[in-house]
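Asker: Before I ask anything, let me first share the structure, which is written out below as structure tokens.
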Protein chains: 2
Amino acid sequence: MLRTHTCGELRLADANKNVTLAGWVQRLRDKGSVLWIDMRDRYGITQLIFEEGKIAPVLLEAARNVGREYVIQIEGTVVERLSKNDKIPTGEVEVRVMKLEVLNASKLPPFTIEDDTDGGDELRMKYRYLDLRRNPVRQSLQLRHKMAQQTRTFLDDQHFIEVETPVLIKSTPEGARDFVVPSRVHHGEFYALPQSPQTFKQLLMVSGFDRYYQIVKCFRDEDLRADRQPEFTQIDCEMAFITQEDILNTFEGLIRHLFKNVKSIDLPTVQRMNYDDAMQQYGSDKPDTRFDMKFVEITPLTKGKNFPVFENAELVVGINAIGCAEYSRKQIDELTEFVKRPQVGAKGLVYIQYRADGSIKSSVDKFYSADELKVWIEKFSANPGDLIFLMAGEAATTRKQLSELRLFMGEKLGFRDKQKFAALWVVDFPLLEWSEDTKRYHAMHHPFTSPKPEDIKLLDTDPGKVRANAYDMVINGTEVGGGSIRIHDRATQQMMFNHLGFTQEEAKKQFGFLMEAFEFGAPPHGGIAFGFDRLCSLFGGAESIRDFIAFPKNNAGRDVMIDTPSAISDEQLKELGLIIKK
Amino acid sequence: MLRTHTCGELRLADANKNVTLAGWVQRLRDKGSVLWIDMRDRYGITQLIFEEGKIAPVLLEAARNVGREYVIQIEGTVVERLSKNDKIPTGEVEVRVMKLEVLNASKLPPFTIEDDTDGGDELRMKYRYLDLRRNPVRQSLQLRHKMAQQTRTFLDDQHFIEVETPVLIKSTPEGARDFVVPSRVHHGEFYALPQSPQTFKQLLMVSGFDRYYQIVKCFRDEDLRADRQPEFTQIDCEMAFITQEDILNTFEGLIRHLFKNVKSIDLPTVQRMNYDDAMQQYGSDKPDTRFDMKFVEITPLTKGKNFPVFENAELVVGINAIGCAEYSRKQIDELTEFVKRPQVGAKGLVYIQYRADGSIKSSVDKFYSADELKVWIEKFSANPGDLIFLMAGEAATTRKQLSELRLFMGEKLGFRDKQKFAALWVVDFPLLEWSEDTKRYHAMHHPFTSPKPEDIKLLDTDPGKVRANAYDMVINGTEVGGGSIRIHDRATQQMMFNHLGFTQEEAKKQFGFLMEAFEFGAPPHGGIAFGFDRLCSLFGGAESIRDFIAFPKNNAGRDVMIDTPSAISDEQLKELGLIIKK
């Protein structure tokens, strides 16, 4: 080793020891007769001291000549510091250097390697290897490592077997777009990269593996939105001989284990909410339950008073912003502007201020009497000092819009603390969702999800009403995982493909192997997959997943550090039997 | 859960318990009035009993109607068996069934689900999900799981951080062929799948991550040979601020940990051997050191006696097959045929039988006197009863041929027991190797390997003689891992690219980011990668890696179960801007 200790290791008890350290120059302070260097490695920072008169002038000169981010190796003696630094664990000591060797010089970095850097996003991505030197980024990746470790510890203890499934698989048109890999040996044929190991994990259940997991890279060739990556990581799991209840309990256990062992947080029991309630009470299938502010519907109460917006509305629904009655006109206008933004798309916002003195002021008091508004207020269980917001229109749209306002208000009122965590199971998802684009039903989860047995009879008459044995785990308003009990018999799977508009031939071509497998003794099974990047960023209290991925792509799917995607040689194209269309 | 216990769990102490089990029908024995079913799951086998008179006739009938590989769920009472089976842990009990439900029927499997199956390779691959039900295959994958677990445990303890590196990277022409992934967004541009995370792990060292590991999929588009897979898994590691000695010690530690914790074997200290010695003494850079049988060179002793084969040979070299003097003419002829096979390519084989009575018989006794042969025998330290084989010709070729004979003899003599393990570090590999194809030197390991400082001066004058700080771990004659100390400064890396025939521009285009990174304070670093599939198969005592991979491809790179690679839709091709050349 080029060191006897790391830069995070020395303490007062080490005083008088001769040590060798290696690391980076974080900072240099030159007071003329004394010079200090803060030396950094992954483990911490140690202060080095070079004092005139006590060391050879040539050594002082050498120290003076090192620059930021130089890699140096030093030998010296640990001594007690005169002026201690209680902010770092090594702050009681410094090393009196007797020998200094520059292991590698450094050009001036294009941005400062500090917790808060002056580097913009693009520069940081181009020099990601320098960005990764910064504490917050390194700590994010260390958190990820710990999350992976603890996930494995928990699942290993529960007798899950980690099995690697293939990366070079088969393209299927269902779902998002696949990345494909041309075969050189079989011209005109392609592998595809997996969007998930779904069919393989089901086959492992057919094989009797019983409990499978994998922390695995998946791929989606989507038009990238902010914070989406073409390659991402899942904690992918499947169990056999279980019911939905078993899955929920097992993976609630996983999440609680992670909170306990990574964040030292005792997560309370995970609430459960069915999809319909989530939509009705929060306008979202991933409600943020760190705060209450549930929706209250008052549609019938608003009718017959000639207020056209409410009169014609399928739904009039609102939230109570507790203690906000004294919001100024300006503040309310801002909220109205917020809901009118195209991203939210509402036409307007009705408010009722229930003032501390019991008086009521509302934007609709031309249409409704104080007594009428009082009835509404009671519906909201509002108290003096509260502020009610109402929105109206087509039910689903209005709920979605109000959900945005609820989240915005929650943020404003400080209810969305990133260090507080509220987890929730959303269950009983619809099996199918209607697509206006294709004018047909699509699987809401995926085509392998099993309908609730009691709802199967609705498949022909009212497909949108069929519920699935499907569930999502939501933490702080983010879907961190989802799964379902699977279909495990050929007849049901065939029926499902029919309902999804697959011809018999298409179903056979794409999933014939799975349907055939179901004929050889497939056990009841189900599973779940967690978005690992997102889960890590949530645990890290961050908005973006990017710093929880060592080498992420930018929003155009490009790695600007290595400059890829990029052209390949004509010879490669020729070997693959491909021509690029001009 | 659809069960209270697994099929491997019940013991005599559980007698009289009411239990629910679920699993597969392994076997049914129908004696008319009594019927037994062996019920199987991942954990074991439990015997079920259905006895006429003690249960409803309809239940007996139901039991009679289940077939092999049906998935059933039963409720019943644990009872002591009359005739015990001490071969399985549940052999003292059986379950008297009171309720039977068929969870899924099964067609007759295309091959028997037994330890020894009647299924051929192709059928087993097509129905891999059934093949995976067989104990030996499942146990191989469970071994793999344990290997991965123990690898992580060891490396976590040593403060390695697991970091995921990207799968969508950049194509580089050096080394084997890349699989490429066309970009839909950037027409005419491609990602490549990594042959290894080499440059990324080096960048992590530049970032100060200090100790990195990953169990990671890698990809090579090679013309497949037997037992090569287009996707394979590596244990990939890198360390900073270390010397070669530190790497050898750390990863000897890993291998010893694996043997101890997976196989309960205390591996002796791993021998070290330099490349030149390995080639001279074993004719191989991956000698099987489970047995000795070292090469002995006698070239000068053979000269001047008019035996043209030896007279004109650069090298005359042999091995001593201890105790084989009594080999018959036929046996020796077989060995001669073996070395003459095109795969070995020798012209012939000379033998000297040193018989138990002290007499000598040799195929060259026309040319050499008994006294002369006696001198050779002494060189070999042979004893009466031994049999010496000699080969001659150009040195490197002859050594390679003799190495094949040595391995063949080792096998014949039972020295290559799959449950015995001999590990070895081969060090001081040449930096470069000459390619007759391209008429230039190539990096033997890869272009990032650092030359030994004392040999750098030879780069211009005698490049083939330059040794690298490179090392392989060899177990039982198989290279299971290899690595090197890396170049960490731009000037040396640039010089290396020059020597490998890269133009400055090519080097910059392909590895500019790495060379630039070396200018911002790159620490000394090095690492290693183990072939995980091979390591698992070695631990499992198997010849082939295939059963240590859940869903392998066949020798044509095809997954015959899901039928991939396969055609993609015209729409997909259009979106990618690609045309398939007819």
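What follows draws every value from the coordinates through simple rules; no lab data is involved. Worth saying up front: this structure is predicted, and the values here are computed from it rather than measured. Heads up, the Cβs are rebuilt from the backbone with ideal geometry, glycines too, and the neighbour counts pull from every protein chain shown.
Asker: Can you tell me, using C-alpha contacts under 8 Å and at least 6 residues apart, the relative contact order of the stretch B:291-416 as a whole percent? Walk me through the numbers on the way to the answer.
Answerer: Details: 199 pairs, mean separation 43.9, N = 126.
Relative contact order of the stretch B:291-416: 35 percent.
Asker: Between B:MET98 and residues 5 or more places away or on another chain, which pairs have amide H atoms under 5 Å apart, with H built 1.01 Å from N, and which residues are they?
Answerer: Result for B:MET98 returns B:GLU75, B:GLY76, B:THR77.
Asker: Rounded, prolate or oblate: pick one for the stretch B:38-197, where a ≥ b ≥ c are the square roots of the eigenvalues of its C-alpha gyration tensor, a/c under 1.5 means rounded, and failing that, prolate if a/b is larger than b/c, else oblate. Mind dumping the intermediate values first?
Answerer: Numbers: a/c = 3.23, a/b = 2.19, b/c = 1.48.
Cα axes put the stretch B:38-197 in the prolate bin.
Asker: Could you point to the residue in B:ASN383, A:ILE475, A:LEU10 farthest towards the positive end of the protein assembly as shown's charge dipole, with +1 and -1 charges on the Cβ of Lys/Arg and Asp/Glu respectively?
Answerer: Farthest along the dipole direction, towards plus: A:LEU10.
Asker: Let me ask you something else. About the Cα centre of chain A, how large is the charge dipole given +1 on each Lys and Arg Cβ and -1 on each Asp and Glu Cβ? Please answer in debye to the nearest 20. Please list the in-between numbers first.
Answerer: Details: 78 positive and 86 negative charges, 249 e Å.
So the magnitude is around 1200 debye.
Asker: In nanometres, what is the gap between the two model label sites at A:GLU297 and A:HIS159, each 7 Å from Cα along Cα-to-Cβ?
Answerer: Going from the A:GLU297 label point to the A:HIS159 one covers 4.5 nm.
Asker: Let me ask something else. Which distances, in nm and shortest first, link the B:THR438 label point to the same label point in every other copy, taking 7 Å along Cα→Cβ?
Answerer: Output for B:THR438: 4.6 nm, nearest copy listed first.
Asker: Name the residue from B:PHE415, B:PHE307, B:MET293 whose Cα lies farthest towards the positive end of the charge dipole of the stretch B:291-416, charges +1 on Cβ of Lys and Arg and -1 on Cβ of Asp and Glu.
Answerer: The listed residue farthest towards the positive side: B:PHE415.
Asker: Hey, another quick one. When the Cα centres of the stretch A:1-24 and the stretch B:513-540 are compared, how far apart do they sit, in Å?
Answerer: Taking the Cα centre of the stretch B:513-540 as reference, the centre of the stretch A:1-24 is 26 Å away.
Asker: While we're on this one: By how many nm would the segment from A:VAL34 to A:GLU314 lengthen if fully extended, with 0.36 nm per residue of separation less the alpha-carbon distance?
Answerer: Numbers: separation 280, 0.36 × 280 = 100.80 nm, distance 7.75 nm.
Length gained, A:VAL34 through A:GLU314: 93.0 nm.
Asker: Can you tell me the FRET efficiency between B:LYS420 and B:ASP121 if r is taken as the Cβ-Cβ distance and R0 is 35 Å, rounded to the nearest 0.05? Please report the intermediate quantities before stating the final value.
Answerer: Working: r = 28 Å, r/R0 = 0.80.
Using R0 = 35 Å, I get an efficiency of 0.80.
Asker: Still on this structure: At A:LEU12, with labels set 7 Å past Cα in the Cβ direction, how many nm apart are the copies from this one, shortest first?
Answerer: 6.4
Asker: Apply the a/c threshold of 1.5 to the C-alpha gyration tensor of the stretch B:1-119 and tell me whether it is rounded, prolate or oblate. Kindly include the intermediate steps, with their values, before the conclusion.
Answerer: Details: a/c = 1.44, a/b = 1.16, b/c = 1.24.
It is rounded, given that a/c, with a ≥ b ≥ c, falls under 1.5.
Asker: A further question on this structure: Which lysines does B:LYS582 reach when only Cα atoms under 19 Å apart count, and residues fewer than 8 places away in its own chain are ignored?
Answerer: Candidates past the 8-residue exclusion: A:LYS574, A:LYS581, A:LYS582, B:LYS574.
Asker: Before anything else, pin down the relative contact order of chain A: Cα pairs under 8 Å, at least 6 apart, normalised by residue count, whole percent.
Answerer: Working: 1075 pairs, mean separation 74.0, N = 582.
Over chain A, the number comes to 13 percent.
Asker: While we're on this one: Suppose each label sits 7 Å from its Cα in the direction of the beta carbon; what would the B:ARG27-A:LYS54 distance come out to in nanometres?
Answerer: Computed distance between label sites B:ARG27 and A:LYS54 equals 8.1 nm.
Asker: Now a separate question. List, shortest first and in nm to one decimal, how far the label point of A:SER83 (7 Å from Cα along Cα→Cβ) is from its counterparts in the other copies.
Answerer: Copy-to-copy label distances for A:SER83: 9.1 nm.
Asker: Give A:LYS286/A:LYS509; B:LYS217/B:LYS465; A:LYS400/A:LYS420 a once-over and call out the pairs whose C-alpha atoms are over 28 Å from each other. It would help to have the intermediate numbers written out before the result.
Answerer: Numbers: A:LYS286/A:LYS509 35 Å; B:LYS217/B:LYS465 34 Å; A:LYS400/A:LYS420 24 Å.
With Cα atoms farther than 28 Å apart: A:LYS286/A:LYS509; B:LYS217/B:LYS465.
Asker: Taking amide H positions as placed in the peptide plane 1.01 Å from N, state which residues far from B:LYS452 in sequence (5 or more) or on other chains have amide H under 5 Å from it.
Answerer: Here B:ARG467, B:ALA468, B:ASN469 satisfy the definition.
Asker: Given Cβ point charges of +1 (Lys, Arg) and -1 (Asp, Glu) and nothing else, what value in debye, to the nearest 20, does the dipole of the protein assembly as shown about its Cα centre take?
Answerer: On the way: 156 positive and 172 negative charges, 38 e Å.
The calculation lands at about 180 debye.
Asker: When chain A is turned about an axis onto chain B, which of its residues keeps its C-beta closest to that axis, and how many Å is it?
Answerer: Measuring from each Cβ to the axis, the minimum is at A:ILE579, 2.
Asker: Follow-up question, since we're still on this one. Just how far, in whole angstrom, is the stretch A:96-173 from the stretch B:466-482 if you go by their alpha carbon centroids?
Answerer: 28
Asker: Right, here's the next one. Helix A:244-263 versus the longest principal axis of chain A: what is the Cα-based angle in degrees, 0 to 90, to the nearest 10?
Answerer: That helix lies at roughly 30 degrees to the long axis.
Asker: Considering only A:LEU59, A:PRO89, A:THR20, whose Cα is most displaced toward the positive end of the charge dipole of the stretch A:12-104, charges sitting on Cβ of Lys, Arg (+1) and Asp, Glu (-1)?
Answerer: The listed residue farthest towards the positive side: A:PRO89.
Asker: Right, something else. Checking the a/c ratio against 1.5 first, then a/b against b/c, what shape does the Cα gyration tensor give for the stretch A:78-160?
Answerer: On the way: a/c = 2.35, a/b = 1.34, b/c = 1.75.
Oblate, because a/c is 1.5 or more while a/b does not exceed b/c.
Asker: Relative contact order for the stretch A:12-104 using alpha-carbon pairs under 8 Å, separation at least 6, rounded to a whole percent?
Answerer: Numbers: 198 pairs, mean separation 31.0, N = 93.
Relative contact order for the stretch A:12-104 comes out at 33 percent.
Asker: Between helix A:135-157 and chain A, what is the angle of the helix's C-alpha long axis to the longest principal axis, kept within 0 to 90° and rounded to the nearest 10?
Answerer: 60
Asker: Measuring from centroid to centroid over Cα atoms, what is the spacing of the stretch B:286-311 and the stretch B:441-456 in Å?
Answerer: Between the Cα centre of the stretch B:286-311 and that of the stretch B:441-456, the gap is 31 Å.
Asker: Further question on the same structure: Treat every Asp and Glu Cβ in the stretch A:426-503 as -1 and every Lys and Arg Cβ as +1, leave all other atoms uncharged, and give the resulting dipole magnitude about the Cα centre to the nearest 20 debye.
Answerer: Details: 8 positive and 11 negative charges, 48 e Å.
Charge dipole of the stretch A:426-503: 240 debye, to the nearest 20.
Asker: While we're here: Which residues' amide hydrogens lie under 5 Å from the amide hydrogen of A:ALA192, considering only partners 5 or more residues apart or on another chain, with H built in the peptide plane?
Answerer: Distant-sequence amide H within range of A:ALA192: A:ILE169, A:LYS170, A:SER171, A:VAL181.
Asker: While we're here: Under a crude label model (7 Å from the Cα following the beta-carbon direction), how far is A:LYS99 from A:GLU222 in nanometres?
Answerer: 5.7
Asker: Give the angle, between 0 and 90 degrees and rounded to the nearest 10, that separates the Cα long axis of helix A:370-379 from the longest principal axis of the Cα atoms of chain A.
Answerer: 70
Asker: Helix-derived [θ] at 222 nm for chain A: sum -39500 (n - 2.57) over DSSP H runs of at least 4, divide by residue count, nearest 500? Can you show the working numbers first?
Answerer: Details: 15 runs with 161 residues, N = 582.
Rounded to the nearest 500, it is -8500 deg cm²/dmol.
Asker: Still on this structure: Through the Karplus equation 6.51 cos²θ - 1.76 cosθ + 1.60, θ set to phi - 60°, convert the phi angles of the stretch B:360-366 into ³J(HN,Hα) values in whole Hz; use x for Gly and Pro.
Answerer: 10, 10, 9, 6, 10, 6, 6
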